[in-house]
Amino acid sequence: MDSPDGAGGEGKKKKSSRPLFLNRDIVIKRLHHRQQSRKDSPMVLLKDIFEETPDKDRFVGDVMFWKFFEDIDATRIYHTNSVEYRNLKVMFFETLFYLVLLASVTLYAYNLQSQDVFESRIEQLDYWSGCDTDGNCRIQKVENIQSFWSWMQEELLPLAYTDDVGAPIVAQIDTVFPNSQFPLKWSPRYLSDTRSTVLLGALRMRQLRVQPNTGCSVTALVKHVYADCYSTYDETRESQAAYDPRFAPTYLIKAYQWRPVEETQQIAIRGAAATYSGSGFFIDLPANKSHALSMLHDLQTWRWCDRMTRAVSIELTTMSTNVNVIVNTVILFEFTPNGAVTGTVTSTAMRTFFFTPSVQGSNLVAFLLMIWLGLVFLIFTIYSFWLMYKTCFNFLGQNPLGYLQRSGWAARLAFPFRTFYQFFRYGWNCADMVILGSFYVHLSYRIGAYVAVSNNPVLQPDVVGHPEIFMPFGQLMEPLVLGNNLLALLSITCWVKLFKYLCMSSYFRLLVRILEACASRQGNLMLYAPQTMDSWIGKEVLEDESDGGYRDAATGKPLSKKLATSYMAFCKRHSRRCHTGDMVDKYLRLVDKYQPRVFAEARIYVARFPEQAGDLLKQIKKVHKQIRKSRRRRKQQRFKTPSSSGEAATPEVAQCAPPGGGANREDAHGEEPTPTPKTEHAKKESDADAGRGTVDTDTPPDWGDSSGDDAEPSYDWPWGDAGRPSDRGNSPSHLALRPSEPSERPSPQAHQPDSHATERGHIHLVPNVQWRGVQLIQQHMAKARAERDAFRSLLLMGDLSLCKFCPPQTSPKRAREVLENAGEAERGNTPLTLALLQEALQVNQQQITDSIQESIAGIGHRVAQVEANMGEHVKRTTELLDAMTDRRLELLEGKFATASFSTTSTTRTDGGTDAAPRPAIVVGGWDNDQSGEETLRLVKQHLTDLQCDLDLQDAFVPGIRRGFAIVPIQARRQEDVPDFRRRVREALQRVREAKIMYTGEKPQGGERHLWAAMSESPERRRRAQFAGKVKRLVLEEAGDKSLLEVEFGTGNVWYGRVRIASAVLTAPEEADKAGVGWISLPTLARQMGTSLSSLTANTWDELKQALN
């Protein structure tokens, strides 16, 4: 950002700034200078311990030597028994070993990759899609089911069955039949006329279907025309019903029967509309082309594909014989509910040594590299666990095994987490775990592929490629692809971790520290993109004092005019960018302190738009000032608020003369005092104080407090500009009498037009009446004490001649009386009268009374405002409760409002009670007198048999004998809320669908069922119980069940669309209260057409006793 040249800067000579030289050392010095305020590293704090400890091996292998490499004391390296030397030795060998590991991983990954794999996969994609050189593919012409069957017969068969009469025989595969001496010989066939690709096995067609009326519904308007509907595919809607026609050919019967994944030997396919499972209805095409054409024709004739079909896949496997690459291809046709058909082709390629170990040619190198890499990673794993052990030993201060033996169970359970936390605090240790995990998972996939091939009979060397048998290479391709992806992650992580070892070189140490800082939350920001002018960074340029130019410090040659201009522009740009960087630092610090929730967004925004750092800094400073102002105002409000005892709090301002109120009491006799205007400075302060009362966005809300607390304190004359009646001389009070004042005194207006008039630059402040009375009392008491002390000294000396108040030859007693009278006569100019004291007390009493009245008025105003707010709140709440009468309340309250048992108590059998009740599932169905241990055992057994995914270790029975148990539930670690709810819902659904009936017999007859429900609050259970009693009353009085509507969560009951009971609404006058709700028996009697006495006498009185 260039500094603007304003109008005020014209005519002023700019100060020439010394050019700034940038090189690596300067940058490092500045970086160290900024980091001086940071805390010392552990290497500095433990320096003395490293020197004095006898156990030097204790700190060997600690990660802090890597983390704070630059803080290692270089002088201690020369001692071979020092901790620094031993760690550097270990670090050196670790670096050499890691270089070997990095080279091995790189060579292994490079050896597994091949351009032939990519080319073979692309060739198969184009071949089966029917694409030409312009990218037009014939498979895209499939739009409906008719064009699908046309493509199958006219495009697929010619591609899969090449008419190559003179093609050589690839291999002889015998098919031996029992009790026969004439085996059939088969040979894989070539694809296309190039004879470079061989088809391995048969083509398998598989169909996936959906169930009717599942996931969709037919409207009543057209249900008489279309009785069924068929939705999109989902694994839960998949149809498994056989649908073979009655007269279909017998060889096609299996094509109409559903088979699981174990028989199809295929994997799930991800399409554009859905992900299709590996099961379904399948059939293999024969090896003969004419037979295959007849089969496709029969499948079309007997409607193998119909309205319930959602996907048809054709899977096949080929092999490029020249490059030994196996390609698995899947042709997928998706059938949408509206009748459209779309086709896609996907291919996956792998080299043959991924499926079987090879010891010939280049494949032998890949196999040997895998074995070598396994040995290297085994050593690396042992070393990593040794580092973890050393880290654990250092932060525990003792042997971990001994620590576990001496610790309790809580410490033992927390030990692994503490170890992982201490170890993974260093980021490069996390990279080690990623490297180890990626390699071992990749290795497990490789070994798993070898084991799967050896255990599958159709993939044996004497069977593979049989044209009548399907080859399930698709099941092997998926884990191998995932293993290659992990290998890519392993390679990238290994090369990134190389930066850890670059910190041993001073040339790369700064780069490594910057990258480590950028990886954390407090990392640096890249504010500017690289530019051509950045070439000056790191170059040392000196100023040539002889001619005022510049010269290169490395070569000593002067810079040309063009280079000098570029260098000066670079220096100016660097200064501006440094200034911008400082503003960005200040801005981010303030945002992190006052608005931490938007800190990440602020970092990203200022990194994208660094030129707006100045405006952003001004905005956050305004927020900072507003927050400080609001805090200061809250402190003042707490300080000025009267106490509960009625005493006013001590004011913050000092007792000084008011700037515009009060006149001199001695100058006010018979005249009206002249009001003293406020000065300009006082006016500005008043405006500023008034401006502080502005409500900003960050100030606290108005809770009804008086707004006068923040106003400027008033020192105005209590009786106005005319003054008090006693000051005007026309008051009947005794305070108007002034015997000590002269009768003819000049008017104060003539000699003192302004009480604040200046004299030789000094301001005369006139005290108020209260302060004037205090001054007179203090002067009188001081003068009396001085005269009394002087007379006592004369009496002690026995010389009364010096007493100017005593007559000659008088006694000491008489002298004291004369002295006192003389003192009173001398003080006759300003006598201290009772009227003066009463006047001062009256003023003070009036001020206290006014302050108390203002406080009481403010409190009354706040109480009135609070009452109005509460009335409005109660009104709105009542309206909302009246409006909540629809069915949505049932969904908000929960789906299990019918629970009427006590389940939310968290009191355990041991007497403990949880401070915060946890959500739980109640499982019951047994007799209430059954032993709690037996009930708990049966609950755990049934839930385990039903495979309910619940944590049963916390289940308990709230009593000695109960017929139910409580299973607390909570979200597991790294489990989000939707998954948690789905897991609980599935557990409840399993219990309901099981319908277990062997839990016992009910007292009234019938079998008990195992039930499970969510626990509810006591208030909700009482409402549900009340609604249940009302429902029972209606049903026992032969009411129509279809007219009855019940909300158990709110206790609302309607009969014939008329509310007859509620537990949340206000009861009408004729209602009968029972428990937590009310019921209007007259309304119910009118709706049911019965008498009120029959409802009361027969049933309701008994039900009401149960509620109360």
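The values are calculated or read from the model by the stated rules, or taken from the named source; none is laboratory data. In this text the structure is predicted, and so the values were computed from the model without any measurement. Neighbour counts are summed over all protein chains in view; Cβ atoms, including those assigned to glycine, are modelled from backbone coordinates with ideal geometry.
Among the residues of segment 111-134, write down those that are in contact with a helix residue (DSSP H, G or I) (Cβ under 9 Å, 6 or more places away or on another chain), assigned to a helix (DSSP H, G or I) and over 23 Å from F367 (Cα atoms).
Result: Y127, W128, S129.
Would you confirm whether or not segment 578-592 contains a residue that is acidic (D, E) and over 28 Å from the mean Cα position of the chain (by Cα)?
The answer is yes; a qualifying residue exists.
Is it the case, given these coordinates, that D951 is surrounded by fewer than 19 Cβ atoms within 10 Å (Cβ to Cβ) and either touching a residue at least 12 places away in the same chain (Cβ under 8 Å) or basic (K, R) (or both)?
yes
Just give me the residues in segment 275-298 being among the aliphatic types (A, V, I, L, M), touching a residue at least 60 places away in the same chain (Cβ under 8 Å) and either part of a helix (DSSP H, G or I) or within 13 Å of F333 (Cβ to Cβ) (or both), in sequence order.
A292, L293, L296
Test of understanding: among V451, V464, V458, which residue is farther than 21 Å from L368 by Cβ and in a helix (DSSP H, G or I)?
V458
Against the condition crowded, with 16+ Cβ neighbours inside 10 Å and either aliphatic (A, V, I, L, M) or closer than 29 Å to V198 by Cα (or both), how does V323 come out, does it pass?
yes
Of the residues that make up segment 964-981, is at least one at pLDDT 85 or above, in contact with a helix residue (DSSP H, G or I) (Cβ under 9 Å, 6 or more places away or on another chain) and of a type in the set (G, A, S)?
Yes - at least one qualifying residue is present in segment 964-981.
Quick test of your reading of the structure: M477 fulfils all but one of (1) in contact with a strand residue (DSSP E or B) (Cβ under 7 Å, 6 or more places away or on another chain); (2) of a type in the set (A, V, I, L, M, F, W, C); (3) at pLDDT below 90. Name the failing condition by number.
Single failed check for M477: (3).
Would you kindly identify the strands (runs of 3 or more DSSP E) lying entirely within segment 978-1080 that contain at least 2 residues that are surrounded by 13 or more Cβ atoms within 10 Å (Cβ to Cβ) and charged (D, E, K, R)?
Filter on segment 978-1080 gives 1044-1047.
Hey, can you tell me all the residues within segment 272-290 that are surrounded by 18 or more Cβ atoms within 10 Å (Cβ to Cβ), in contact with a strand residue (DSSP E or B) (Cβ under 7 Å, 6 or more places away or on another chain) and farther than 23 Å from W186 by Cβ?
Passing the criteria: Y276, S277, S279, G280, F281.
Hey, could you check segment 498-510 for residues that are touching a helix residue (DSSP H, G or I) at 6+ places or on another chain (Cβ under 7 Å) and in a helix (DSSP H, G or I) and say which is farthest from A109 (Cα to Cα)?
L510
In segment 467-497, what count of residues is obtained for those that are surrounded by 15 or more Cβ atoms within 10 Å (Cβ to Cβ), part of a helix (DSSP H, G or I), touching a helix residue (DSSP H, G or I) at 6+ places or on another chain (Cβ under 8 Å) and among the hydrophobic types (A, V, I, L, M, F, W, C)?
Number of matching residues: 7.
Given the structure, is V63 touching a Cys at 6+ places or on another chain (Cβ under 9 Å), at pLDDT 70 or above and surrounded by 13 or more Cβ atoms within 10 Å (Cβ to Cβ)?
For V63, the condition - touching a Cys at 6+ places or on another chain (Cβ under 9 Å), at pLDDT 70 or above and surrounded by 13 or more Cβ atoms within 10 Å (Cβ to Cβ) - is not met.
Please verify whether segment 439-448 includes one or more residues that are farther than 23 Å from K67 by Cα, assigned to a helix (DSSP H, G or I) and basic (K, R).
yes
Restricting to segment 207-230, count the residues that are touching a Pro at 6+ places or on another chain (Cβ under 8 Å) and among the charged types (D, E, K, R).
Looking only at that region, the number is 1.
Could you identify the single residue in I145, I169 that is free of Cβ contacts under 8 Å to residues at least 60 places away in the same chain and of a type outside the set (S, T, N, Q)?
Testing whether each residue is free of Cβ contacts under 8 Å to residues at least 60 places away in the same chain and of a type outside the set (S, T, N, Q) leaves just I169.
Looking only at residues in segment 253-266 that are of a type in the set (V, I, T) and surrounded by fewer than 20 Cβ atoms within 10 Å (Cβ to Cβ), which one is farthest from T232 (Cα to Cα)?
I253
Quick test for you: out of R513, R509, R521, pick the one residue that is modelled with pLDDT of 70 or more, under 27 Å from V591 (Cβ atoms) and not hydroxyl-bearing (S, T, Y).
Step by step, each of R513, R509, R521 is checked, and only R513 is modelled with pLDDT of 70 or more, under 27 Å from V591 (Cβ atoms) and not hydroxyl-bearing (S, T, Y).
Determine whether E238 is among the charged types (D, E, K, R), over 28 Å from M350 (Cα atoms) and surrounded by 18 or more Cβ atoms within 10 Å (Cβ to Cβ).
For E238, the condition - among the charged types (D, E, K, R), over 28 Å from M350 (Cα atoms) and surrounded by 18 or more Cβ atoms within 10 Å (Cβ to Cβ) - is met.
Only residues that are over 53 Å from the mean Cα position of the chain (by Cα), at pLDDT 85 or above and surrounded by fewer than 17 Cβ atoms within 10 Å (Cβ to Cβ): list them for segment 172-231, please.
S196
Which of the residues that make up segment 831-865 are at pLDDT below 75 and loosely packed, with under 12 Cβ neighbours inside 10 Å?
Answer for segment 831-865, where residues must be at pLDDT below 75 and loosely packed, with under 12 Cβ neighbours inside 10 Å: just L834.
Scan segment 917-976 for residues that are part of a helix (DSSP H, G or I), in contact with a strand residue (DSSP E or B) (Cβ under 6 Å, 6 or more places away or on another chain) and either β-branched (V, I, T) or farther than 22 Å from P1018 by Cβ (or both) and report the count.
3
Condition (residue is part of a loop (DSSP other than H, G, I, E, B) and not assigned by TED's automatic domain parsing to the domain that holds A452) applied to segment 250-259: is it met by at least one residue?
yes
List pairs: first in segment 54-74 and assigned by TED's automatic domain parsing to the domain that holds N399, second modelled with pLDDT under 75 and in a loop (DSSP other than H, G, I, E, B), Cβ under 7 Å, 6+ apart or cross-chain?
Short answer, once both residue conditions are applied: F68/S41; D71/S41.
Looking at segment 346-361, can you tell me whether even one residue there is in contact (Cβ under 8 Å) with a residue 40 or more places away in the chain, part of a helix (DSSP H, G or I) and surrounded by 14 or more Cβ atoms within 10 Å (Cβ to Cβ)?
Yes; the residues of segment 346-361 include at least one that is in contact (Cβ under 8 Å) with a residue 40 or more places away in the chain, part of a helix (DSSP H, G or I) and surrounded by 14 or more Cβ atoms within 10 Å (Cβ to Cβ).
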